[in-house]
Amino acid sequence: MRTRPLALTVLALATGALLAVTTVSLPAGAGAARERTAGKQPLAVGTGGAVTSADLDASRAGIDVLRHGGNAIDAAVATAGALGVTEPFVAGPGGGGFMVIYLAHQHRVVTIDGREKCPAKCTSTMFQDSSGRPMDFEHARRSGMAVGVPGMVATWADAVRQYGRHSFGADLQPAIGIAKRGFRVDRNFHQQEEASLADLQSFTSSRQLFLTPDGQPLPIGSVLHNPDLARTYQLLAERGPDFLYRGKLATDIARTVQHPPVSGQSEFPIEPGVMTRQDLADYTAPNRNPTHVRYRGLDVYGMAPPSSGGITVGEALNILSRWKLGSQPRARAMFEYLEASRLAFADRNAYIGDSDYVNVPQHGLLDPKYAATRSCLIGDHALSSPAPAGHPYQPYGGCGASSAAGVTDHEGRHTNHLVVVDRWGNVVSYTNTIEQIAGTGMTVPGRGFLLNNEMTDFDFAPPAQGAYDPNLPAGGKRPRSSMSPTIVLKNGAFDFAVGSPGGSTIITTVLQILLNHIDFRMSLPDALWAPRVSQRNASQSQAEQAFYDSALAKRLTDRYGEGFSLVTGAQQPLLSYIGDATGVQSLGGGRLQAVAEKVREGGGSALVVNP
């Protein structure tokens with residue numbers, strides 16, 4: 001159970017109302033809780049290794065591991081574990097993700113698929129009512145049905161076992177320390193609680209851990225301790241991942257899914273799930289071959305299915321390779337970027353799912369010859385959406401398309417991405433999440449972490465009755481993801497790595513950063529901080545305020561017929577941006593440049609071992 005500052009607890013009990021204070025006086029000894037904003041910086045240059053993430057404590061955890069002889073894999077696990085403490089609404093043992101790793105001594109890129117799996121009893125109609133209509137999304141999300149078998153811990157343990165220098169238990173120690181001593185609630189954390197308040201109030205365990213005694217968000221400046229998570233991490237450190245997949249924690253997770261700890265305050269009936277201990281015991285986090293394309297002489301590596309990120313980014317780059325974007329007027333180049341994204345997303349929706357269950361035409365989708373049949377569709381005016389998918393099977397034929405199919409996108413935008421580089425040149429680009437902010441809203445009682453709602457990433461029903469859909473649920477299947485952890489090599493050596501949260505906007509964020517840096521010659525910081533716009537085969541592209549108001553957007557509308565909608569967070573300020581990306585670049589001679597956000601999501605934390 002979480003402990004609170006005495007003054008905060010007394011005030012909450014006395015008033016029984018929403019606390020309006022923005023700071024609280026901390027009791028003696030509470031100074032052990034680190035200030036999360038002091039020293040937080042978006043850019044760092046130096047040697048010896050680099051870590052960049054959304055949170056200062058998490059980046060510090062990774063740097064500490066690098067300073068004590070761990071490699072990039074060890075530091076990535078330490079950083080991710082710490083994010084499970086300080087960013088519990090987007091990270092933690094109850095989720096999953098994808099890790100892309102560059103092994104410097106082997107000059108090789110490997111990937112680990114830690115995507116959650118649907119329990120064995122899942123069916124293709126699990127998110128449909130008796131008449132075959134898709135369920136209300138919020139109803140589905142706050143349920144045991146939405147929880148996939150978590151892949152996070154298996155990813156961490158397998159990565160360290162195969163490629164780390166330290167032990168799995170040693171890499172969890174920084175996170176254990178943070179959970180014990182606590183951390184101060186900042187504005188970003190408080191906003192996340194406000195945004196997910198109804199979810200957290202729906203479950204007794206979440207209400208007890210994350211909210212005030214009267215069920216309201218913790219005030220900014222208060223200290224959050226999570227001894228339950230500290231004990232969970234300590235038991236994982238001592239007993240290994242089997243504690244979660246075959247031990248007492250497996251029992252606790254399955255029980256929570258089957259019998260959600262409801263508080264009686266939910267606006268929806270909370271349905272139980274079908275996950276069993278056997279589903280957890282059967283989970284594996286397999287190594288998969290990365291996706292790979294050549295672009296402007298660089299080797300771009302990403303994540304293969306069940307993520308759609310590597311293929312969709314790669315296909316768009318292949319489409320864009322037809323033009324010299326850097327020498328074109330910027331409006332023309334951005335028009336081609338938007339249209340390439342539109343076409344690549346049409347193919348994503350039509351063909352990509354879990355390749356263990358469906359035949360994904362990965363070779364065709366990443367073949368430059370196929371890309372030529374898509375790029376020729378881009379003329380002088382925006383295409384109508386939904387644009388039809390192509391035919392990525394040989395022979396590819398001429399410039400044409402097959403059928404259009406719209407897909408409802410439920411992917412949560414609240415994810416996290418971290419990049420780590422060590423002194424030996426190893427690199428980790430790692431995206432992970434529990435899906436929506438706070439996932440299902442369901443905390444495993446006594447264990448200190450939230451459970452994901454990743455199964456709502458499946459399509460609830462086909463786009464049309466009887467239509468082929470590669471992303472319908474099935475027992476053991478992993479839902480399609482957009483996570484796009486990316487590593488770029490130049491002449492066989494590490495150049496830079498990037499990634500971002502943001503649901504399906506992850507793909508366009510990574511693609512836009514790549515174009516900004518490679519084609520438009522922006523520095524990596526400027527490429528990452530530039531205003532974003534995202535086209536995902538929709539009638540309008542979503543744009544951040546700075547892009548929406550720009551002369552460039554007006555030119556795209558007037559000259560090319562592109563339409564834009566404003567990404568706005570009037571109700572949820574956290575949604576006013578498209579992704580909070582992170583990246584690291586090699587500057588040569590052992591020098592590294594680590595980059596995090598300056599403004600988005602409150603800014604990130606970039607650190608190096610030797611500034």
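The values are calculated or read from the model by the stated rules, or taken from the named source; none is laboratory data. Keep in mind that this is a model prediction, so the values were computed, not measured. FYI the Cβ positions are ideal-geometry reconstructions off the backbone, even for glycines, and counts take in every protein chain you see. Quick note on the areas: whole protein, heavy atoms, side chains included, nothing else; ligands and nucleic acids left out. Shrake-Rupley method; radii C 1.70, N 1.55, O 1.52, S 1.80 Å.
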Helices (runs of 4 or more DSSP H) enclosed by the range 254-373 - at least 1 residues per element that are over 30 Å from Arg142 (Cα atoms), touching a helix residue (DSSP H, G or I) at 6+ places or on another chain (Cβ under 9 Å) and open to solvent by less than 60 Å² (accessible area, probe 1.4 Å): 309-320, 330-351, 362-365
Residue count for the range 217-247, restricted to those that are farther than 23 Å from Glu116 by Cβ, in contact with a Gly (Cβ under 6 Å, 6 or more places away or on another chain) and not β-branched (Val, Ile, Thr): 2
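Would the range 112-119 turn up any residue that is open to solvent by 10 Å² or more (accessible area, probe 1.4 Å) and either in contact with a Gly (Cβ under 6 Å, 6 or more places away or on another chain) or modelled with pLDDT of 95 or more (or both)?
Step one: of the range 112-119, the residues open to solvent by 10 Å² or more (accessible area, probe 1.4 Å) are 117.
Checking the rest, the ones that are also either in contact with a Gly (Cβ under 6 Å, 6 or more places away or on another chain) or modelled with pLDDT of 95 or more (or both) come to 117.
Looking for residues that are open to solvent by 10 Å² or more (accessible area, probe 1.4 Å) and either in contact with a Gly (Cβ under 6 Å, 6 or more places away or on another chain) or modelled with pLDDT of 95 or more (or both), one finds at least one in the range 112-119, hence yes.
Out of Asn432, Asn452, I need the residue that is buried (at least 24 other Cβ atoms within 10 Å of the Cβ), outside any loop (DSSP other than H, G, I, E, B) and not β-branched (Val, Ile, Thr). Which one?
Being buried (at least 24 other Cβ atoms within 10 Å of the Cβ), outside any loop (DSSP other than H, G, I, E, B) and not β-branched (Val, Ile, Thr) holds for just one of Asn432, Asn452, which is Asn432.
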Cβ pairs under 7 Å, 6+ apart, first in the range 527-547 and within 11 Å of Phe564 (Cα to Cα), second among the charged types (D, E, K, R): Gln535/Arg342; Ser541/Glu562; Glu544/Arg532; Phe547/Arg532
Residue in the range 506-521 that is within 30 Å of Ser131 (Cβ to Cβ), at pLDDT 95 or above and crowded, with 24+ Cβ neighbours inside 10 Å present: no
Cβ-Cβ under 8 Å pairs, at least 6 apart or on other chains, the range 37-48 side under 17 Å from Glu597 (Cβ atoms) and modelled with pLDDT under 90, far side of a type outside the set (Ser, Thr, Tyr) and open to solvent by less than 50 Å² (accessible area, probe 1.4 Å): Thr37/Leu56; Thr37/Asp186; Gly39/Leu56; Lys40/Leu56; Lys40/Gly603; Lys40/Gly604
Residues satisfying the stated conditions in the range 455-467, i.e. farther than 24 Å from Ser576 by Cα, touching a helix residue (DSSP H, G or I) at 6+ places or on another chain (Cβ under 9 Å) and buried (at least 24 other Cβ atoms within 10 Å of the Cβ): Met455
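For Arg239, indicate whether it is more than 24 Å from Gly39 (Cβ to Cβ), of a type in the set (D, E, K, R), at pLDDT 95 or above and surrounded by fewer than 17 Cβ atoms within 10 Å (Cβ to Cβ).
Working: more than 24 Å from Gly39 (Cβ to Cβ): yes; of a type in the set (D, E, K, R): yes; at pLDDT 95 or above: yes; surrounded by fewer than 17 Cβ atoms within 10 Å (Cβ to Cβ): yes.
So Arg239 passes the test.
Can you find even one residue in the range 97-107 that is in a helix (DSSP H, G or I) and of a type in the set (A, V, I, L, M, F, W, C)? Full working, then the answer.
As a first pass, look at the range 97-107 and keep what is in a helix (DSSP H, G or I): 104-106.
Right, trim to of a type in the set (A, V, I, L, M, F, W, C) and you get 104.
Yes, the range 97-107 contains a residue that is in a helix (DSSP H, G or I) and of a type in the set (A, V, I, L, M, F, W, C).
One line per residue, one yes/no per condition, for (1) in a strand (DSSP E or B); (2) touching a helix residue (DSSP H, G or I) at 6+ places or on another chain (Cβ under 7 Å); (3) under 30 Å from Pro261 (Cα atoms):
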{"site": "Asp74", "(1), (2), (3)": "no, yes, no"}
{"site": "Val77", "(1), (2), (3)": "no, yes, yes"}
{"site": "Gly81", "(1), (2), (3)": "no, yes, yes"}
{"site": "Phe89", "(1), (2), (3)": "no, yes, yes"}
{"site": "Ala120", "(1), (2), (3)": "no, yes, yes"}
{"site": "Ser124", "(1), (2), (3)": "no, no, yes"}
{"site": "Ala140", "(1), (2), (3)": "no, yes, yes"}
{"site": "Val153", "(1), (2), (3)": "no, yes, yes"}
Conditions (1) open to solvent by 20 Å² or more (accessible area, probe 1.4 Å); (2) at pLDDT 95 or above: number failed by Ser131: (2)
Test: residue in the range 558-571 that is closer than 22 Å to His417 by Cα and either surrounded by 15 or more Cβ atoms within 10 Å (Cβ to Cβ) or at pLDDT 95 or above (or both): yes
Neighbours by Cβ (under 8 Å, 6+ apart or cross-chain): first from the range 365-381, among the aliphatic types (A, V, I, L, M); second surrounded by fewer than 16 Cβ atoms within 10 Å (Cβ to Cβ): Leu366/His292; Leu377/Cys399
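For the range 37-64, which residues satisfy the criterion of being open to solvent by less than 10 Å² (accessible area, probe 1.4 Å) and hydrophobic (A, V, I, L, M, F, W, C)? Break it down stepwise before answering.
The initial filter retains those residues of the range 37-64 that are open to solvent by less than 10 Å² (accessible area, probe 1.4 Å), namely 44, 46, 49-53, 55-59, 61-63.
Within the range 37-64, Ala44, Ala50, Val51, Leu56, Ala58, Ala61, Ile63 qualify.
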Which listed residue, of Ala493, Ala497, is more than 30 Å from Ser124 (Cβ to Cβ), surrounded by fewer than 19 Cβ atoms within 10 Å (Cβ to Cβ) and at pLDDT 95 or above: Ala493
Pairs where the first residue, in the range 468-490, is more than 23 Å from Leu511 (Cα to Cα) and open to solvent by 10 Å² or more (accessible area, probe 1.4 Å) and the second is among the small types (Gly, Ala, Ser) and in a loop (DSSP other than H, G, I, E, B), C-beta under 7 Å, 6+ apart: Leu472/Ser124; Ala474/Ser124; Gly475/Ala120; Gly476/Ala120
Single residue of Leu366, Leu317 found to be under 18 Å from Thr486 (Cα atoms) and out of contact with any His (no Cβ under 9 Å at 6 or more places or on another chain): Leu317
